[in-house]
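K.L.:
Following this message is one structure expressed as structure tokens.
The values are calculated or read from the model by the stated rules, or taken from the named source; none is laboratory data. These numbers come from a predicted model, not from an experiment. Reconstructed Cβ throughout: ideal geometry from the backbone, glycine too, with neighbour counts over all protein chains shown. To get the accessible areas, we keep the full protein, side chains included, count just its heavy atoms, and leave off ligands, DNA and RNA. Shrake-Rupley method; radii C 1.70, N 1.55, O 1.52, S 1.80 Å.
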Amino acid sequence: MTILNADLHCHSTVSDGTLDPETLAERAKTRGVELWALTDHDEVGGQQRASSAARALGLPYLSGVEISVTFCNLTVHIVGLGFDPGNEQLVQGLARTRGGRGERAREMGAELAKVGIAGAYEGALKYAGNPELISRTHFARFLVESGVCRDTNEVFRKYLADGKPGFVPHRWAALGDAVRWIREAGGAAVIAHPARYDHGPTQEYALFSEFKAHGGQGVEVVCGSHAASEYPKYAELALEFGLAASRGSDFHSPEESHTDLGGLPWLDGKLTPIWELLADRIQNA
Ligand code: AMP
Ligand code: MN
Ligand code: MN
Ligand code: MN
């Protein structure tokens, strides 16, 4: 079943999206999504709302999360799908992972003040639907609102990317821990948007090998943060490493995201879709 409008990556107000879980569920349904997962950053607080809303709409649902990981001194994202959101080890691991975000955000505010941008921490906090989950996205929205930049892309390029004045390095979860939390909670781990990382081919190979060795099962191939020209490379890597393929828009906001829910091309038929491995974890109406 590679031809299924599955959308297994998006964000709500519980992390750095601008729509709440119920509004996202309706939008997914309206836009033809046939299998949905909400994957907030480092947080499963929206899972109950998302699955209830999906059930009420007759939209099949998989639980989801996107865990921030530090691998070879770079940040990598691992999506978890089809796990038990009440699993104690996972819940505690996520709480530790997001625990440093408040302090990091205050430091980001201080660094931005040094380059003449005052009040960024307080400004970003206003945008954070969940104060525990303050992220660079919230800073980007504040900097656009206050006229410092035209759009969030420009904010990241000038202020928030690694090496820019508002970037504060942070140590997230270890790769092996993130994969283990997801697996031991009954789910499957997936490498999110592999084309977006700044690592070279050696580190990419190391990421795929170590992820696989830890029990990771999938990789995003068709994804809103990939260009269409990048799909074939990751389709080949999925086959080479024996990983299933996932598909997700990474939708955050109608104003900011260029790929909407359900708006992606199909997965290549030679790939094993991740939802085939998770058939018994899908919540139906
Ligand atoms: P954080 O977890 O606080 O480091 O924030 C990471 C989030 O920033 C990602 O999940 C994206 O939503 C957003 N982001 C990262 N890079 C960019 C970019 N170049 N343009 C817009 N948003 C970005
Ligand atoms: Mn995000
Ligand atoms: Mn991500
Ligand atoms: Mn994401």
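K.L.:
Among ALA188, GLY218, GLY123, pick out the residue whose Cα is farthest towards the positive end of the charge dipole of the stretch 114-226, where Lys and Arg carry +1 and Asp and Glu carry -1 on C-beta, about the Cα centre.
P.N.:
GLY123
K.L.:
Still on this structure, I have one more. If you count the DSSP beta bridges with both ends in the chain, what percent of them are antiparallel, to the nearest 5?
P.N.:
45 percent
K.L.:
For the pair LYS270 and LYS212, how long in nm is the line joining their label points, each one 7 Å along Cα→Cβ?
P.N.:
Each label point is offset 7 Å from its Cα along the Cβ direction, giving 1.6 nm.
K.L.:
Within the stretch 133-285, what whole-number % of the accessible surface is contributed by carbon and sulfur, with the 1.4 Å probe and all protein chains included in the calculation?
P.N.:
Roughly 48 percent, rounded to a whole number.
K.L.:
If you don't mind, another one. If I stretch the segment between ARG157 and GLU236 completely, what's the gain in nm (0.36 nm per residue apart, minus their alpha carbon distance), one decimal?
P.N.:
Values: separation 79, 0.36 × 79 = 28.44 nm, distance 3.01 nm.
Net length gain for the segment: 25.4 nm.
K.L.:
Further, regarding this structure: Within the stretch 78-130, what whole-number % of the accessible surface is contributed by carbon and sulfur, with the 1.4 Å probe and all protein chains included in the calculation? Working shown, then result.
P.N.:
Working: 1220 of 2390 Å².
The C+S portion of the solvent-accessible surface of the stretch 78-130 is 51 percent.
K.L.:
Only residues of the stretch 200-230 count here: report those whose backbone N is under 20 Å from the spot 7 Å along Cα→Cβ of HIS258, or say none.
P.N.:
220-230
K.L.:
Relative to the compact-globule scaling 2.2 N^0.38 Å, provide the ratio for the alpha-carbon radius of gyration of the stretch 98-221.
P.N.:
Working it through for the stretch 98-221, the quotient is 1.23.
K.L.:
Counting each DSSP H run of 4 or more residues in the chain as -39500 (n - 2.57), what helix-only mean residue ellipticity at 222 nm follows after dividing by all residues, to the nearest 500 deg cm²/dmol?
P.N.:
-11000 deg cm²/dmol
K.L.:
While we're on this one: Just check the stretch 208-285 against the gyration tensor rule for me: Cα atoms, a ≥ b ≥ c as the square roots of the eigenvalues, rounded for a/c under 1.5, and otherwise prolate or oblate depending on whether a/b exceeds b/c.
P.N.:
oblate
K.L.:
Could you report the stretch 96-252's accessible area per residue, 1.4 Å probe, as an integer in Å²?
P.N.:
44 Å²
K.L.:
Tell me, what is the percent relative contact order of the stretch 223-276, built from C-alpha pairs under 8 Å that lie six or more residues apart?
P.N.:
Computed value for the stretch 223-276: 41 percent relative contact order.
K.L.:
Taking the alpha-carbon centroid of each part, what is the distance from the stretch 202-244 to the stretch 98-164 in angstrom?
P.N.:
Taking the Cα centre of the stretch 98-164 as reference, the centre of the stretch 202-244 is 30 Å away.
K.L.:
Moving on to the next point. At 0.36 nm per residue, and after removing the present C-alpha to C-alpha distance, how many nm does the segment from SER52 to GLN283 gain when stretched out fully?
P.N.:
Difference between extended and current length: 82.2 nm.
K.L.:
Return the loop-located trypsin sites (Lys or Arg not before Pro) in the stretch 74-183 (DSSP other than H, G, I, E, B) with at most 15 other Cβ atoms within 10 Å of their own Cβ; answer none if there are none.
P.N.:
ARG150, ARG171
K.L.:
Okay, next question. Using Cα positions and a limit of under 27 Å, work out the lysines in reach of LYS164, with same-chain residues fewer than 8 apart set aside.
P.N.:
Partners within reach: LYS114, LYS126.
K.L.:
Let me ask something additional. For the stretch 156-234, what does the alpha-carbon gyration tensor say about shape, rounded, prolate or oblate, given a ≥ b ≥ c as the root eigenvalues, a/c under 1.5 as rounded, and a/b over b/c as prolate? Let's see the in-between values first.
P.N.:
Working: a/c = 1.95, a/b = 1.30, b/c = 1.50.
It comes out oblate by the Cα gyration axes.
K.L.:
Restricting to DSSP loop positions (anything but H, G, I, E, B) with no more than 11 other Cβ atoms inside 10 Å of their own Cβ, which trypsin sites (Lys or Arg not before Pro) remain in the stretch 187-285? Can you show the working numbers first?
P.N.:
Values: sites: ARG196, LYS212, LYS233, ARG247, LYS270, ARG281; in loops: LYS270.
Hits after loop and neighbour filter: LYS270.
K.L.:
Using Cα pairs closer than 8 Å and at least 6 residues apart in sequence, work out the relative contact order for the stretch 67-142, in percent.
P.N.:
Normalised by residue count, the contact order of the stretch 67-142 is 21 percent.
K.L.:
Counting pairs of Cα atoms in the chain, how many percent are more than 30 Å apart? List each step's numbers first, then the result.
P.N.:
Details: 10480 of 40470 pairs.
Value for the chain: 26 percent of Cα pairs lie more than 30 Å apart.
K.L.:
Report the chymotrypsin sites (Phe, Trp or Tyr not before Pro) located in the stretch 206-285 that are in a DSSP loop and have at most 14 other Cβ atoms inside 10 Å of their Cβ, or state none.
P.N.:
Qualifying residues, ordered by number: TRP266.
K.L.:
Now a separate question. What is the dipole size for the stretch 1-92, taken about its Cα centre, with +1 at each Lys and Arg Cβ and -1 at each Asp and Glu Cβ, in debye to the nearest 20?
P.N.:
Value, rounded to 20: 320 debye.
K.L.:
Quick one: ranking THR13, THR272 by accessible area, 1.4 Å probe, largest first, what do you get?
P.N.:
I get THR272, THR13, largest accessible area first.
K.L.:
So which residue, out of THR97, THR23, THR202, gets the largest mean-square fluctuation from a GNM of the chain using Cα contacts under 10 Å as springs?
P.N.:
Highest fluctuation of the listed residues: THR202.
K.L.:
Let me ask you something else. Relative contact order for the chain: what percent, with Cα pairs under 8 Å and sequence separation of 6 or more? Spell out each step's value before the answer.
P.N.:
Working: 588 pairs, mean separation 68.9, N = 285.
Reported as a whole number, the value is 24 percent.
K.L.:
Here is a further query. Testing the spin-label approximation: label points 7 Å from Cα along Cα→Cβ at SER146 and THR75. State their distance in nm.
P.N.:
With each label placed 7 Å out from Cα toward Cβ, I get 1.9 nm.
K.L.:
Okay, next question. Where the only charges are on Cβ atoms (+1 Lys, Arg; -1 Asp, Glu), what is the dipole of the chain about its Cα centre, to the nearest 20 debye?
P.N.:
Here the size comes out at about 320 debye.
K.L.:
Output the peptides 65-76, 213-224, 159-170 sorted from most to least packed, where packing is the average of other Cβ atoms within 10 Å over each peptide's residues.
P.N.:
213-224, 65-76, 159-170
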